[in-house]
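Enquirer: If you scroll down you'll find the structure; I have some questions about it.
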Amino acid sequence: MGHERPINLLQRAITQEKVVNSYLFLGNEGIGKSLVALQFAKALNCLEGENRVDGCDRCASCRKIDHLLHPDVSLIEPEGQTLKIEQVRQMQRSLAYRPYEGRRRVVILTAADRMAHDIPNTLLKTLEEPPLHTVIILLANNSRFILPTILSRCQSIRFNPLPSALVSDWLMKEKGLEENEARLLASLSEGSPGKALEIKEEIAGIPRKELLEGWVGAKSLSIEEKEGWVESLPSGRENLRLILEMTKTLLRDLIVMKTSEGEGSRLIHSDLVEELKEIAGAWSLSSLLRRTEILHQTSRAIRGNANTKLSLEAMMLSWA
Ligand SMILES: [Zn+2]
């Protein structure tokens, strides 16, 4: 879904017989990199014919790859937090032989930006002298954590965040979610379907109505109330990030409410339409925009490793 550019690049490589030995797929977690990598492996090994730009999804090879049971296609995921050296050594041993039954051996190494420190040099040997009939695909969120020596030996392919509308359509059609929930998750997913699913439970646990009425839309808060809010927010960066992102969507809805004269269909939180209407009525557009701006500054600061508690306190002060 989406990702036309990376997919076209890979398909052209097949038709022009320019498939290289090592690729680096870069893009957010859960965006579809491993799916595209596996699909590429299917096309390269499909029994319906050579130089197909896509797998047939029916032959024995395609089906085995779908079930991760193909002897020549492997998806290596980190054990715990990082990839371990033994996982890479095992991969290298398997590369010493020709493919068993496929045309090409495809090794997909996920989390290439989270490798144990002793891996890069070991891996480099393989990338420098790639075995015949082998394609190694490294997947990573961020190229910052990958050594330049490794980067320079791979063809990098970037996967951009998907448009929010595409993610929410997918959540509705493929995962059977209601429109409200799908739009909310999509808008918090950073363009990543996998991420949207991952945060589903957490989002369901955030008291949106309370957040909207008691915090986002509260005109004036006492010092105790402000401190109470700062204390009640999670201290973990990732959880806090989600709450702040959620807060952005609430403010966004207030602004939509303010500027579109109560037209509820464009709201993310359309189940809170009455509450939104009331609060939007009490605020000026410029105050809402100002709060949004301050919120953006705060989340940027927290992303950049600023002290979370201090940043939140500063935000509450500016909000007032
Ligand atoms: Zn096939």
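The values are calculated or read from the model by the stated rules, or taken from the named source; none is laboratory data. Here the structure is a predicted model, which means the values were calculated and not measured. In this analysis, Cβ positions are derived from the backbone assuming ideal geometry, glycine residues included, and neighbour counts consider all displayed protein chains.
Enquirer: Looking only at segment 251-259, decide whether some residue is in a helix (DSSP H, G or I), touching a helix residue (DSSP H, G or I) at 6+ places or on another chain (Cβ under 7 Å), modelled with pLDDT of 90 or more and of a type in the set (Asp, Glu).
Expert: Looking through segment 251-259, at least one residue is in a helix (DSSP H, G or I), touching a helix residue (DSSP H, G or I) at 6+ places or on another chain (Cβ under 7 Å), modelled with pLDDT of 90 or more and of a type in the set (Asp, Glu).
Enquirer: Separate question: When you scan segment 1-35, how many residues do you find that are touching a strand residue (DSSP E or B) at 6+ places or on another chain (Cβ under 7 Å) and either free of Cβ contacts under 8 Å to residues at least 40 places away in the same chain or of a type in the set (Val, Ile, Thr) (or both)?
Expert: So the count comes out to 2.
Enquirer: So which residues in segment 279-296 are touching a residue at least 12 places away in the same chain (Cβ under 8 Å) and in a helix (DSSP H, G or I)?
Expert: Of everything in segment 279-296, those that are touching a residue at least 12 places away in the same chain (Cβ under 8 Å) and in a helix (DSSP H, G or I) turn out to be Ile279, Ala280, Ala282, Leu285, Leu288, Leu289, Arg291, Thr292, Ile294, Leu295, His296.
Enquirer: Can you name every one of the helices (runs of 4 or more DSSP H) wholly within segment 7-120 that holds 3 or more residues which are away from the ligand (no atom under 16 Å from the Cβ) and closer than 30 Å to Ser187 by Cβ?
Expert: Hits in segment 7-120: 33-45.
Enquirer: Let me ask something else about it. Being surrounded by 14 or more Cβ atoms within 10 Å (Cβ to Cβ), in the same structural domain as Arg144 (by TED's automatic domain parsing), modelled with pLDDT of 95 or more and at negative phi: is that true of Ala60 here?
Expert: It is false that Ala60 is surrounded by 14 or more Cβ atoms within 10 Å (Cβ to Cβ), in the same structural domain as Arg144 (by TED's automatic domain parsing), modelled with pLDDT of 95 or more and at negative phi.
Enquirer: Mind listing whichever residues of segment 44-57 are buried (at least 22 other Cβ atoms within 10 Å of the Cβ) and among the small types (Gly, Ala, Ser)?
Expert: If the condition is that a residue be buried (at least 22 other Cβ atoms within 10 Å of the Cβ) and among the small types (Gly, Ala, Ser), then Gly55 is the only one that fits.
Enquirer: Residue by residue through segment 145-160, note down the ones that are at pLDDT 90 or above and either surrounded by 16 or more Cβ atoms within 10 Å (Cβ to Cβ) or in a strand (DSSP E or B) (or both).
Expert: Ile150, Arg153, Cys154, Gln155, Ser156, Ile157, Arg158, Phe159 - these are the residues of segment 145-160 that are at pLDDT 90 or above and either surrounded by 16 or more Cβ atoms within 10 Å (Cβ to Cβ) or in a strand (DSSP E or B) (or both).
Enquirer: Which residues, counting only those in segment 225-250, are modelled with pLDDT under 85 and either β-branched (Val, Ile, Thr) or not assigned by TED's automatic domain parsing to the domain that holds Arg300 (or both)?
Expert: Answer for segment 225-250, where residues must be modelled with pLDDT under 85 and either β-branched (Val, Ile, Thr) or not assigned by TED's automatic domain parsing to the domain that holds Arg300 (or both): just Val230.
Enquirer: Same structure, new question: Among the residues of segment 10-40, count how many are exposed (fewer than 15 other Cβ atoms within 10 Å of the Cβ), of a type outside the set (A, V, I, L, M) and within 19 Å of Pro131 (Cα to Cα).
Expert: Residues in segment 10-40 being exposed (fewer than 15 other Cβ atoms within 10 Å of the Cβ), of a type outside the set (A, V, I, L, M) and within 19 Å of Pro131 (Cα to Cα): 2 in total.
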